[in-house]
Amino acid sequence: MPDSAWLQGVLRKAVAAIIGFMLALVLLVALLITGFYLLVNAATLALSPTLGEAGALAVTGLSCLLLLALFFYRMTRPVASKKSAHGGKEQSASPIDTIRELVRNNPLEAVAAAFTLGVVEQSDPRLKSLLLQGGMVLMKEAEAEQARGQETSDAPASNTGAPVT
């Protein structure tokens, strides 16, 4: 049987590794955001002599808006090739299933959106309560789906016995 001190040491190391990974990820994301900010400033400074300060700000702002529109277009566009391969899906999918499918198809964009909401959520108490309520609903639905999945997986297992004559 493992020693309690040994088990606590292993748990501490695991928690430290997870926290270290999360801190490294947050640092990398912060550096990435800072890099984009500096690129926008550099583009504005580079365009200022030719277009003037207002024109340079307009061009960089428009390019940022186009990138944002491309991001949201990619998040919401339908994926026809996967649906046709599965024989088509029903059209009346719940909003939760639609969001799950978006996250599966666009994991990097979902992470960026979650990070942005996390930063905004810290300063807005109304958004914080809304996100917590939505998270609780999602957790309850996931538990209900797991319970239904376990019921359906238990039912066929009892029918695998000898054939009935």
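The values are calculated or read from the model by the stated rules, or taken from the named source; none is laboratory data. What you are looking at is a predicted structure, and each value in this text was computed from that prediction instead of being measured. Please note: Cβ atoms are built from the backbone with ideal geometry, for glycine as well, and neighbour counts cover all protein chains shown. With ligands, DNA and RNA removed, areas are computed over all heavy atoms of the protein, side chains included. Shrake-Rupley method; radii C 1.70, N 1.55, O 1.52, S 1.80 Å.
Just a few scattered comments:
- Failed item, numbered, when residue 111 is tested on (1) closer than 25 Å to residue 73 by Cβ; (2) open to solvent by less than 70 Å² (accessible area, probe 1.4 Å); (3) at pLDDT 70 or above: (2)
- Test: residue 76 is at pLDDT 80 or above and under 30 Å from residue 22 (Cα atoms): yes
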